[in-house]
Amino acid sequence: MNSVVGRRLAALVAILLASAWLISLGIHSKTGVSSVDQSVWQFFVDHGSSRAHSLARFVTSFGVLSVLLPVAVVVGVLAWVRSRSVAAAIAPWLSVVVCGQIVSVLKKSTDVVRPPLELQVVQVRNPSFPSGHSANTAALIVSVVLVVWCVAEFSRRTKMWVSIGGAVIVTAMGLTRLMLNVHWLSDVLAGWCIGAAVGLAVTGLLLAARPLNLDA
């Protein structure tokens, strides 16, 4: 990875982390959230349906660490087969592990309360900020996309489809947390930023010695 790309990745990580911090400022206290959070949450409460909730339950079930970590291992094996790079193979798994630890620390330190328990579609009692499903899924997907773009054996068309598919998955995971009324919007937005930052940082560092070929 050349120095120009490295600096761009570092700048993007810094921007994402700064964005997560700015989002956290919208949380007024451990027992209060912003008016935007309240409004978005109320929208999903008012417009929820049994069909939407069933779909959200199905999608969100893939956002737990017990699913993401095995998926990361499988993706890593595929990455090694295509690139013969140990760094590319372990990057997705390590990104999820690191992100999971960061989310755990942030939840305990911020201790933001979730939306009212009686209105949650699936009841969750641990602290709300940031959304672990959103963050960990973003970390995995960003790592996978970066690995794919760094492996010359993949065509540009394949890289584009992986990127688009990844964006859809990350967006869908965050939306399910809102649809199930278990998170505030700020939790999801911060989760996306933190997960993307971790995926970029961990994978970028592991692939630092590998040339990045964006024209393959």
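The values are calculated or read from the model by the stated rules, or taken from the named source; none is laboratory data. Nothing here was measured: the structure is a model prediction, and the numbers come from that model. Glycine gets a Cβ as well: all are built from the backbone with ideal geometry, and neighbour counts include every protein chain shown. Just so you know, the surface numbers come from the protein's heavy atoms only, side chains and all, with ligands and any DNA or RNA stripped out. Shrake-Rupley method; radii C 1.70, N 1.55, O 1.52, S 1.80 Å.
Key figures for this structure:
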| quantity | calculated |
| --- | --- |
| Average projected area [Cα convex hull, the chain], square nanometres | 11.7 nm² |
| Residue 179 - accessible surface, heavy atoms, 1.4 Å probe, Å² rounded to 10 | 50 Å² |
| Solvent exposure of the chain as accessible area per residue, Å², 1.4 Å probe | 50 Å² |
| Carbon + sulfur, % of accessible area of the chain - ligands and nucleic acids excluded, 1.4 Å | 70 percent |
| Euclidean distance between Cα centres, the range 45-94 to the range 144-187, Å | 10 Å |
| Rotationally averaged projected area of the range 77-122 (alpha carbon convex hull; nm²) | 5.0 nm² |
| Calculated over the range 26-135: convex hull of Cα atoms, volume per residue (Å³) | 126 Å³ |
| Charge dipole magnitude, Cβ of K and R +1, D and E -1 - the chain, Cα centre, debye nearest 20 | 440 debye |
| Degrees separating the helix 132-150 axis from the principal Cα axis of the chain, which is the longest one | 20 degrees |
| C-alpha long axis of helix 50-60 to longest principal axis of the chain, angle in ° | 40 degrees |
| Accessible area (Å², 1.4 Å probe, nearest 10) - residue 37 | 0 Å² |
| Crossing angle, helix 35-47 versus the chain [Cα axis fit, 0-90 degrees, rounded to tens] | 80 degrees |
| Leading residue at positive end of dipole, the chain (Cβ point charges), from 202, 16, 65 | 202 |
| Distant alpha-carbon pairs in the range 10-78 (separation over 18 angstrom), percent | 68 percent |
| Cα-based Rg / Dmax (Å) for the range 113-216 | 16.2, 52 |
| Helix-only mean residue ellipticity at 222 nm for the chain, each DSSP H run of n ≥ 4 adding -39500 (n - 2.57), per residue, nearest 500 | -24500 deg cm²/dmol |
| Contour excess over end-to-end distance, with Cα ends at residue 54 and residue 86 and 0.36 nm allotted per residue | 7.6 nm |
